[in-house]
1. Name the residue that is surrounded by the fewest Cβ atoms within 10 Å (Cβ to Cβ), counting only residues in region 100-137 that are of a type in the set (Gly, Ala, Ser) and part of a loop (DSSP other than H, G, I, E, B).
2. Looking at region 151-205 only, could you name the residues that are of a type outside the set (Asp, Glu), in contact with a Gly (Cβ under 9 Å, 6 or more places away or on another chain) and closer than 18 Å to Ala136 by Cβ?
3. In region 205-219, how many residues are surrounded by 15 or more Cβ atoms within 10 Å (Cβ to Cβ) and either under 30 Å from Glu125 (Cα atoms) or out of contact with any Lys or Arg (no Cβ under 6 Å at 6 or more places or on another chain) (or both)?
4. All but one of (1) out of contact with any helix residue (DSSP H, G or I) (no Cβ under 9 Å at 6 or more places or on another chain); (2) among the hydrophobic types (A, V, I, L, M, F, W, C); (3) part of a loop (DSSP other than H, G, I, E, B) hold for Ala245; state the number of the condition that does not hold.
5. Which ranges mark the strands (runs of 3 or more DSSP E) fully within region 250-311 that have 1 or more residues being without any contact (Cβ under 8 Å) to a residue 60 or more places away in the chain and not assigned by TED's automatic domain parsing to the domain that holds Glu375?
6. Give the residues of region 178-194 that are exposed (fewer than 13 other Cβ atoms within 10 Å of the Cβ) and within 19 Å of Glu167 (Cα to Cα), sorted by residue number.
7. Within region 461-496, how many residues are hydrophobic (A, V, I, L, M, F, W, C) and either under 19 Å from Asp66 (Cβ atoms) or in a strand (DSSP E or B) (or both)?
8. Which numbered condition in (1) closer than 30 Å to Met199 by Cβ; (2) touching a residue at least 24 places away in the same chain (Cβ under 8 Å) is the only one that Arg129 fails?
Amino acid sequence: MTLPNSNRVRLALGAAAAAVLLGLGFGAGRLLDGSEGATPAAEQAASGEREVLYWYDPMVPSQRFDKPGKSPFMDMQLVPKYADEVGEGGGVQIDPAVTQNLGVRLATVETGSLPSGLTATGVVEFNERDVAVVQAKAGGFVQRVYGRAPADVVPAGAPLADLLIPEWAGAQGEFLAVLRTDDPALIRAARNRLRLLGMSPELIAAVERSGRVRNVVTVTTPSGGMIKTLAVRNGMTVMAGETLAEVNGLDRVWLNAAIPEAQASQVRVGQTARASLAAYPGETFTGQVTAILPQTETASRTLTARIELASRGGRLRPGMFATVELGGQSRPALQVPSEAVIRTGRRALVMLAKDGGRYVPAEVQVGREAEGKTEILAGLTAGEKVVASGQFLLDSEASLAGVQARPITGPGPAPKAAAVPALHRSQGRVEQISPASVTLSHEPVPALQWPAMTMTFKLASPQLATGVRTGDRVSFAFEQTPAGPVVREMSKAGAQ
């Protein structure tokens, strides 16, 4: 169908006008937008969409991806992390209503006086340094015993048994015969012989005064205390040097206090200790730490501090329990409530409370602990707010969100020489590779208890990807870091 010339002219003019209007509208739109070319984030904002920073696997939140897809670690889709979920200060943001429902309670980091003493429990034991051994000085026969028994408390010089010693009768008779010679040299030699046979100076003097043989001797305790062992009975035969009894003194006792391993640095030899016992309420016994035993109790993870106490009137009986206070001077320290510290075994963390309802994990170096307070050696400053209740839930949320803990920046111990990283070696097939990362279907890693699986590794250097293509078999070595595994070495399988 052919249009008249007038209609053709009108149609051409209308098309031109539409093109002009469309161009004006597009130009006005660009002027209102204020930029030559809108970024994807701006286009998302203009269209009302949320800006995505990266994608991650909630089971491995430290690994980040620049596009959506299936997780290389688990059989699940990657989850987006939106810009409005991460503020300028990082961390996680919790709605105030949810925070109140969680029972979150805050505490202020402050400088205060932290006592350096500690309290422990202990058991009263015998003083093993105050033990006397009673032995037979010559062979003979027991003629009489004095009714003693183990655990009896006896004074010094208490009789234990009468021994008949035939050997002494002949030696004493010869000594009396020598005395009648009035020869000083012979008398002196005979007296020394009696002394070498085991006779006491008192017995020798008694024989010399009386002029009669005394071959029956009474064995007595050299010191007072409790009879620990008694091995003498009426009618028995004893040999020279045989142990007849052991007597443990009771004037001073040992108090063995169990000190937690974490507080062992607060105990030293010579330190004053105060003990209180349930048997004597309101009374305090004072002593000193005489030794710190070298062995640790593996079951209770405690060290034993030996404290020597005076037992007035023998009132401290072995086996009694006591509460021990090891004194120390207080000193100023930066401190937080002990309940605010999250101990992972590898490090200690606290949850910092920021403005706008945001919470950030921070690594700290802890020191002493007393009266519900923990000393902070590094990682915090006075005036900061930490979460004292509900911090475990917030820490879990931060871990799921892949939030990195704030490192220790305060003063701490002198830096140590950098340790050589531990490398784990395996082989696998390259599924995907770029200058920054490589996806490998690798064999099991027994050292980490990893099964054979497909996962993405970061590359320590872009040069590692040189000459490696998808489908190649490679040998590689990687290091486990807080940000995920990082490949340090990689070469084609069989290459030198």
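The values are calculated or read from the model by the stated rules, or taken from the named source; none is laboratory data. Worth saying up front: this structure is predicted, and the values here are computed from it rather than measured. All Cβ positions, even for glycine, are placed from backbone atoms using ideal geometry, and neighbour counts span all protein chains on display.
1. First pass over region 100-137, keeping only residues of a type in the set (Gly, Ala, Ser): 103, 107, 112-113, 116-117, 120, 122, 132, 136.
Checking the rest, the ones that are also part of a loop (DSSP other than H, G, I, E, B) come to 103, 116-117, 136.
Numbers: Gly103: 9, Ser116: 16, Gly117: 17, Ala136: 22.
Taking the candidates together, the pick is Gly103.
2. First pass over region 151-205, keeping only residues of a type outside the set (Asp, Glu): 151, 153-161, 163-166, 168-173, 175-181, 184-201, 203-205.
Still in the running and in contact with a Gly (Cβ under 9 Å, 6 or more places away or on another chain): 153-158, 163-166, 168, 176, 179.
Hits for region 151-205 are Gly157, Ala158, Leu163, Leu164, Ile165, Pro166, Trp168.
3. The total comes to 7.
4. Against the list (1) out of contact with any helix residue (DSSP H, G or I) (no Cβ under 9 Å at 6 or more places or on another chain); (2) among the hydrophobic types (A, V, I, L, M, F, W, C); (3) part of a loop (DSSP other than H, G, I, E, B), Ala245 comes up short only on (3).
5. Values: elements: 252-260, 272-277, 285-297, 302-310.
Per the criteria, 272-277, 285-297, 302-310.
6. Residues of region 178-194 exposed (fewer than 13 other Cβ atoms within 10 Å of the Cβ): 180-185, 188-189, 192.
Ala189, Asn192, listed by residue number.
7. First, the residues of region 461-496 that are hydrophobic (A, V, I, L, M, F, W, C): 464-465, 468, 474, 476-478, 483, 486-487, 490, 493, 495.
Keeping just the survivors that are either under 19 Å from Asp66 (Cβ atoms) or in a strand (DSSP E or B) (or both) gives 465, 474, 476-478, 483, 486-487, 490.
Summing the residues that are hydrophobic (A, V, I, L, M, F, W, C) and either under 19 Å from Asp66 (Cβ atoms) or in a strand (DSSP E or B) (or both) in region 461-496 gives 9.
8. For Arg129, the failing item is (2).
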